[in-house]
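J.: Below: one structure in structure tokens.
Rule-based calculations on the coordinates, nothing more; no lab input. Note that the coordinates shown come from a computational prediction; the quantities given were computed from them, not determined experimentally. Using ideal geometry, Cβ is built from the backbone for each residue, glycine included, and neighbour counts are taken over all protein chains shown.
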Amino acid sequence: MPTENKTANLGLNSWLGTDKPMREDFVSDNEKIDKAITDHLNDTTLHITEEQITRINKPFEIGIYIGDGQASKTIDLTFQPKLVVVFLRSMPLFEYNSADGYVICNSAIFTSGGAGGSIGGSIIFESIQVLQNTTPSNGRLINLNKQNSAYVYIAFK
């Protein structure tokens, strides 16, 4: 029979030498232990999920794409990024064309959900889209998909 004495945390039987434990008492204690351990292991505020482990171990993806000269280009990813940085390799982030008075944007930073960033790119679900202008507009030429040019992107999870 269960004892009147119980452990402080799980309320397990803490028999005295004069108690006569029964099988049901052990089964009941085992069920309490199993539930406590299962609840603990499933508590994602204490334990991180596989997705969180992946995000911690590899918080970003770095890739390269070659521009095709089209007005826009879509680069597919395996996740929806929160922040993306794109830049033209071996070139300054921005250049000023003093002869014609406009800025050439060789880089962009943009966030998911339209939260902000520079012009020239956007996040669309699990892909990023970059733009290319052939003529300047509003004093800027967006240069993120120039024909045969190599670009680097860093997509943060």
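J.: For segment 91-96, what does the Karplus curve 6.51 cos²θ - 1.76 cosθ + 1.60, with θ = phi - 60°, yield as ³J(HN,Hα) per residue in whole Hz, taken in order and with x for Gly and Pro?
T.: Once θ is set to phi - 60°, the couplings for segment 91-96 become 9, x, 4, 9, 10, 10 Hz.
J.: Ranked highest first by the average count of other Cβ atoms within 10 Å around their residues, in what order do 101-113, 44-56 fall?
T.: Going by the mean number of other Cβ atoms within 10 Å, highest first, we get 101-113, 44-56.
J.: Which residue, 28, 52, 143, has the largest displacement toward the positive end of the dipole of the chain when charges sit on each Cβ (Lys, Arg +1; Asp, Glu -1)?
T.: It is 143, whose Cα lies furthest towards the positive end.
J.: Multiply the residue gap between residue 26 and residue 10 by 0.36 nm, knock off their C-alpha separation, and tell me the result in nm, one decimal place.
T.: So the extension gain works out to 4.4 nm.
J.: Going by amide H atoms built from the backbone, whose H comes under 5 Å of the H on residue 77, apart from near neighbours?
T.: Residues meeting the criterion, in which the H sits 1.01 Å from N, are 127, 128.
J.: Can you list residues from other chains, or at least 5 along the same chain, whose modelled amide H is less than 5 Å from the amide H of residue 104?
T.: Those qualifying (amide H under 5 Å, at least 5 residues apart or on another chain) are 95, 96, 97, 141.
J.: How large is ³J(HN,Hα), in whole Hz, for each residue of segment 27-37 in order, when computed from phi with the Karplus curve 6.51 cos²θ - 1.76 cosθ + 1.60 and θ = phi - 60°, using x for Gly and Pro?
T.: Values per residue, Gly and Pro as x: 4, 4, 5, 4, 5, 5, 5, 4, 5, 4, 5 Hz.
J.: Let me ask something additional. Go through segment 87-154 and name the trypsin sites (Lys or Arg not before Pro) that are in a DSSP coil and have 10 or fewer other Cβ atoms within 10 Å of their Cβ.
T.: Filter output for segment 87-154: 89.
J.: Something else about it: Based on the Cβ-Cβ distance of residue 64 and residue 103, what FRET efficiency does E = 1/(1 + (r/R0)^6) give at R0 = 25 Å, to the nearest 0.05?
T.: For R0 = 25 Å, the calculated efficiency reads 0.55.
J.: Here are several values of P(r) over Cα pairs in 5 Å bins from 0, in percent: (i) 2, 8, 14, 13, 12, 11, 8, 6, 6, 6, 5, 4, 3, 2, 1, 0; (ii) 2, 9, 14, 11, 7, 5, 4, 4, 5, 6, 7, 7, 6, 6, 5, 3, 1, 0; (iii) 2, 8, 13, 13, 11, 7, 5, 4, 4, 4, 4, 4, 5, 4, 4, 3, 2, 1, 0, 0, 0. Which one was derived from the coordinates shown?
T.: Correct label is (iii).
J.: Right, here's the next one. Assigning unit charges at the beta carbon (Lys, Arg +1; Asp, Glu -1) and nothing else, what dipole magnitude in debye, to the nearest 20, does segment 1-118 show about its Cα centre?
T.: My answer is approximately 280 debye.
J.: Scan around residue 149 for amide H atoms under 5 Å from its own, H built in the peptide plane at 1.01 Å from N, and keep only partners 5 or more places away or cross-chain.
T.: Residues meeting the amide H criterion: 67.
J.: Could you compute Rg(Cα) / (2.2 N^0.38 Å) for segment 47-126, with N its residue count?
T.: 1.35
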